[in-house]
Amino acid sequence: MTDEISAGHRPACPSCGRATAVPASAHYTSEGTVSYARCECGRWLIVLAGRVIGADAA
């Protein structure tokens, strides 16, 4: 299975709408790759299999 981030698609930040930054950390799970990325607006994003599933409260 190829995750969207590794295929070149970067999901948008739910706060500012910009494409997420390059992941700071990535881990493989049974549901796909989970990664943590910092957006240019300063929020930390949790991305699972190419979709933003969480963000800090900023």
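Results, tabulated for the structure shown:
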{"read-out": "Of residues in the stretch 7-58 being among the acidic types (Asp, Glu) and in contact with a strand residue (DSSP E or B) (Cβ under 7 Å, 6 or more places away or on another chain), the one surrounded by the most Cβ atoms within 10 Å (Cβ to Cβ)", "value": "56"}
{"read-out": "Selection from the stretch 15-58 of residues that are of a type in the set (Lys, Arg) and in contact (Cβ under 8 Å) with a residue 24 or more places away in the chain", "value": "43, 51"}
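Bear in mind these aren't lab numbers, they're just calculated from the coordinates by the rules spelled out. Only a predicted model underlies this, so the values are computations on that prediction, with no experimental measurement involved. So basically every Cβ, Gly included, is an ideal-geometry build from the backbone, and we count neighbours across all protein chains shown.
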